[in-house]
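Quick note: the coordinates plus some simple rules give every number you see, no bench work behind them. Everything numeric here is computed off the predicted structure, so don't read it as measured data. We place every Cβ from the backbone using ideal geometry, glycine too, and count neighbours over all the protein chains shown.
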Amino acid sequence: MSNLHGKAFTFPGIPDSYVRLHPTVTLSGDIAAASVCLRYFSDMPEAERVQSFFSLATRKRFNGFLLSKKGNSSYYQIVGDAVGQFWGLPADLNHWNSVCGTWDSDTGLSQVWVNGKPGARKFVFKGGRLTGTPIVIIGLDQDAYGGGFYQIDAFIGQLTDVHMWDRVIAPCEINNYSEDRKFQHGNLINWHAAAYTTYGNVVEEKQIHSDLVKECRRTDDCCNLF
């Protein structure tokens with residue numbers, strides 16, 4: 001296990017470069033509710049370009065739980081191969097964006113939040129379950145169990161602060177996460193106690209926050225801040 005707090009992975013956007021995250025507990029039963037939060041930094045504005053942030057696949061469901069963005073117009077949350085598309089949410093270029101996705105099987109309600117702003121609720125995979133041992137990958141979309149990658153879906157930029165819960169986290173928790181305040185870390189994936197494997201040309205490095213850049217402009221010794 002490694003504490004990745006303050007660390008980020010930089011992705012070049014090619015299909016053989018990704019990070020596999022290993023859940024902190026053995027997931028072999030049913031997943032009936034889930035929440036995923038992460039932060040991304042990118043400068044990709046293309047209208048038709050899909051960027052995959054988080055991909056959970058099982059042997060039966062390659063798109064078990066997927067978070068992605070298409071251009072600057074919409075975000076996608078796919079659960080159990082059922083698609084929810086969310087419009088009108090922030091997608092700031094060259095800025096850290098916080099994304100959270102929640103899903104509950106009992107109600108079928110799915111929702112995406114970006115920088116603390118909620119998207120409209122959608123009905124996705126009501127009554128469904130994610131069964132079997134999952135593979136979790138960031139930076140690429142699995143179109144097969146642990147593989148089937150395509151460059152067109154590859155993320156280009158930085159990803160950090162990835163957490164996953166086996167419940168629907170509350171709006172106040174999402175707000176705390178988005179504002180970088182204290183929150184309960186994910187019980188399935190915890191960025192502060194993460195087991196992971198990198199593949200390809202992914203680079204692990206220190207995360208540079210915008211507030212540090214501002215502080216750097218006000219000091220004569222910028223290097224001490226990083």
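Taking the helices alone, the chain has a mean residue ellipticity at 222 nm of -2000 deg cm²/dmol, built from -39,500 (n - 2.57) per DSSP H run of at least 4 residues and averaged over all its residues.
Full extension of the chain between Met1 and Lys206 yields a length gain of 72.0 nm, computed as 0.36 nm times the residue separation minus the alpha carbon distance.
Other residues within the sphere of radius under 15 Å centred on the Cβ of Thr107, judged by their own Cβ, net out at +3 (K and R +1, D and E -1). Here the alpha carbons of the chain define both size measures, Rg and Dmax, at 16.7, 58 Å. Peptides 10-19, 57-66, ordered by how many other C-beta atoms sit within 10 Å of their residues on average, highest first, read 57-66, 10-19. What range in the chain is the longest one free of GluC sites (Glu not before Pro) that are in a loop by DSSP and have at most 16 other Cβ atoms within 10 angstrom? In short, 49-178.
The tail of the calculated P(r) for the range 80-188 beyond 18 Å holds 59 percent of all Cα-Cα pairs. Summing Lys and Arg as +1 and Asp and Glu as -1 over all other residues whose Cβ lies under 13 Å from the Cβ of Lys7 gives a net charge of -1. Show me, for the range 49-58, the HN-Hα J-couplings you get by feeding each phi into the Karplus relation (A = 6.51, B = -1.76, C = 1.60, θ = phi - 60°), rounded to Hz, glycine and proline as x. Karplus values, whole Hz, x for Gly and Pro: 7, 8, 10, 9, 8, 9, 9, 10, 10, 10.
Relative to the current alpha-carbon distance between Ala170 and Gln85, full extension at 0.36 nm per residue lengthens the span by 28.5 nm.
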